[in-house]
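Heads up, the thing below is written out as structure tokens.
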Amino acid sequence: MEWRFKHGATEMSQITHSHTSDALLATFAAWQGDTRGVRVAQAPGRVNVIGEHTDYNDGFVLPMTLDKAVYAAARLGVGSRHRIRSVEFDQSLTFEVGTMPRTGRGHWASYAGGMLLEMQVGAAVDLLITGHVPQGAGLSSSAALEMAIGLVLSTVLGMEVDPITMARTGQRVEHQYAGVTCGLMDQMVSRLGKSNHALLLDCRSLGYTHVPLQDAAVKIVVINSNVRRALASSKYNERRSECIQGLACLQQWNPRLRALRDVTLDLLGEFGSVMDPVLHSRARHVVEENARVHAAVAALRAGDWPQLGVLLAASHESLRRLYEVSCAELDFLVEVALAAPGVYGARMMGGGFGGCTISIVEPNRAEELTKAVQASYQRRFDRETTAWILEEGLEAAILV
Ligand code: GLA
């Protein structure tokens with residue numbers, strides 16, 4: 001999650017897919033002399049239509065892939081040291097096979113080192129990475145990095161790694177080397193998402209369905225608050241542990257509950273007065289948000305955009321009031337979007353405390369929204385937003 005790109009957020013919307021595999025191969029050649037045996041993989045970042053803070057409660061989520069990806073080029077190296085390089089950071093590192101690079105938690109190299117260790121790569125590898133997914137914006141740049149690395153390594157090493165195992169490997173890297181006890185949504189959609197579809201994922205069974213979302217009737221607008229709170233990771237972990245505490249409390253009355261996913265509103269209503277109010281609110285968000293995911297899938301399938309919009313707005317309210325992961329900037333962006341013409345719905349997205357909002361908008365009003373929001377945000381917070389209309393989502397793939 002702390003993966004930093006050098007380019008400023010303002011450049012984000014102008015970046016096209018200039019770092020294609022050709023450009024990456026040319027950079028690889030300049031770095032290592034030639035490109036013999038080099039393979040290249042891409043994995044996209046994500047937006048989340050709805051289903052926030054439900055994944056680590058065994059719940060449901062409905063993310064889709066971004067039109068921006070991370071790219072990884074790799075081949076077997078020589079000797080006993082891995083050589084890794086980041087184009088954006090203009091940084092190279094080498095370290096012994098079977099060890100971690102000596103960088104801090106959440107450094108870009110710790111994701112690479114983590115994937116190499118967790119995939120038990122026993123041979124030296126040369127690995128070059130680049131990408132366009134803005135980091136720290138709630139768009140899962142780190143999951144995209146993990147999945148791009150996972151894909152390219154498994155290809156270079158001839159390993160068969162099924163997508164779910166790869167997603168779980170990325171999640172372990174987040175937990176162990178970035179200190180974020182995230183769920184599995186980001187890695188799963190980066191690895192398994194399909195263009196023009198949202199991914200309905202059951203985070204307990206890990207069963208999933210691709211739900212078509214390519215209707216010409218709507219556009220998705222992503223607006224980056226460009227706020228990054230230093231405490232976001234620790235607050236995220238705190239929410240996760242509050243969910244565990246809330247569950248433990250409810251299990252006193254019903255020991256069969258395995259996760260907040262199993263809790264009903266009736267049960268919450270019954271024990272509302274005896275449960276810690278904060279834990280109660282957190283649990284209520286999760287229970288209601290899971291229901292909203294199913295309602296959103298029904299709305300999507302019916303092309304009922306006003307209904308989808310209502311669900312998004314309700315999700316934001318719940319994240320703001322019950323789960324308390326929003327902030328003034330996100331609330332403002334959602335408020336402005338909801339008041340704009342042609343907007344069906346909007347909400348904050350991802351872990352919270354900064355990052356992006358998602359809005360569902362009539363196509364001919366989308367451009368107008370990006371402009372309106374930029375001007376008013378600048379006036380209110382003296383800070384820039386970066387807003388863009390989502391193009392067709394990318395898919396994880398081996399490119400070379
Ligand atoms: C982050 C985590 C995900 C998920 C979201 C909140 O993106 O990585 O696992 O918990 O926050 O929905």
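Any chance you could list P(r) for the chain, counting all Cα-Cα pairs in 20 angstrom bins from zero, rounded to whole %?
29, 56, 15, 0
Can you pull the semi-axes for segment 24-74, root of five times each eigenvalue of the Cα gyration tensor, sorted largest first, whole Å?
36, 11, 7
So which residue, out of 83, 256, 105, gets the largest mean-square fluctuation from a GNM of the chain using Cα contacts under 10 Å as springs?
Sorting by GNM fluctuation, first place goes to 256.
So in the chain, what percent of DSSP beta bridges are antiparallel if you round to the nearest 5?
So the antiparallel bridges amount to about 90 percent of the total.
Could you compute the FRET efficiency for residue 392 and residue 273, with r as their C-beta to C-beta distance and R0 at 51 Å, rounded to 0.05? Kindly include the intermediate steps, with their values, before the conclusion.
Details: r = 50 Å, r/R0 = 0.97.
Efficiency at R0 = 51 Å is approximately 0.55.
Out of 95, 268, 64, whose Cα points farthest toward the positive end of the dipole of the chain (charges: +1 Lys, Arg; -1 Asp, Glu; placed on Cβ)?
95
Pick from 369, 257, 201: which is most flexible by mean-square fluctuation in a GNM of the chain where alpha carbon atoms under 10 Å apart are linked?
Looking only at 369, 257, 201, the biggest GNM fluctuation is shown by 257.
For the chain, find the longest principal axis of its Cα atoms and tell me its angle to the long axis of helix 141-157, 0 to 90°, nearest 10.
In the chain, helix 141-157 runs at an angle near 40 degrees to the longest axis.
Tell me, how many Å apart are the Cα centres for segment 169-224 and for segment 312-342?
About 21 Å separates the Cα centre of segment 169-224 from the one of segment 312-342.
Run the numbers for residue 206 and residue 31: contour at 0.36 nm per residue of separation, minus the present Cα-Cα distance, in nm.
59.0 nm
Once amide H atoms are placed 1.01 Å from N in the peptide plane, what residues at a sequence separation of 5 or more from residue 140, or on another chain, have their amide H within under 5 Å of its amide H?
Amide H neighbours of residue 140: 46.
Tell me the carbon and sulfur percent of the accessible area for the chain, rounded to whole percent, probe radius 1.4 Å.
Roughly 49 percent, rounded to a whole number.
With a 1.4 Å probe and all protein chains left in place, how much accessible area per residue does the chain have, in Å²?
Each residue of the chain exposes 39 Å² on average to a 1.4 Å probe.
Relative to the first principal axis of the alpha-carbon coordinates of the chain, what is the inclination of helix 305-321, with its axis defined by its Cα atoms, in degrees from 0 to 90 and to the nearest 10?
Roughly 90 degrees, rounded to the nearest 10.
If I ignore ligands, DNA and RNA and count only protein heavy atoms, how much of residue 398 is accessible to a 1.4 Å probe, in Å² to the nearest 10?
60
For segment 99-232, what is the convex hull (Cα atoms) projected area averaged across all directions, in square nanometres?
With the hull built on Cα positions only, its mean projection is 9.6 nm².
Between residue 368 and residue 120, with labels modelled 7 Å along Cα→Cβ, what's the label distance in nm to one decimal, could you check?
Reported label-point gap for residue 368 and residue 120 is 5.9 nm.
Report, in degrees rounded to the nearest 10, the 0 to 90 angle that the Cα long axis of helix 277-302 makes with the longest principal axis of the chain.
Result, in degrees: 80.
Please report, largest first and rounded to whole Å, the three semi-axes of the ellipsoid equivalent to segment 269-391, where each semi-axis is the square root of five times an eigenvalue of the C-alpha gyration tensor.
The answer is 28, 19, 9 Å, longest axis first.
Just 43, 23, 148 to compare: in a GNM of the chain, with alpha carbon springs under 10 Å, which one fluctuates most?
23
P(r) for segment 330-396: what percent of alpha-carbon pairs falls in each 5 Å bin, starting at zero?
Histogram of Cα-Cα distances, whole percents per bin: 3, 17, 28, 27, 16, 6, 2, 0.
Looking only at segment 345-366, which residues have a backbone nitrogen under 20 Å from a spot 7 Å from the Cα of residue 328 in the C-beta direction?
Backbone N within reach: 348-349, 352-357.
For segment 99-143, rounded, prolate or oblate, judged on the Cα gyration tensor with a ≥ b ≥ c (square roots of eigenvalues), a/c < 1.5 rounded, else prolate if a/b > b/c?
Judged from the Cα gyration tensor, segment 99-143 comes out prolate (a/c at least 1.5, a/b above b/c).
Residue 217 to residue 81: extension gain in nm, 0.36 nm per residue of separation minus the Cα-Cα distance?
Using 0.36 nm per residue and subtracting the Cα-Cα distance, I get 43.7 nm.
Checking a compactness column here: for segment 181-340, what do you get for Rg(Cα) / (2.2 N^0.38 Å), N being the number of residues?
Ratio of Cα Rg to 2.2 N^0.38 Å: 1.12.
The values are calculated or read from the model by the stated rules, or taken from the named source; none is laboratory data. Just so you know, these numbers come straight off a predicted model, no measurement behind them. Cβ: placed from backbone, ideal geometry, glycine included. Neighbour counts: every protein chain shown. Heavy atoms of the whole protein, side chains included, go into the accessibility calculation; ligands, DNA and RNA do not. Shrake-Rupley method; radii C 1.70, N 1.55, O 1.52, S 1.80 Å.
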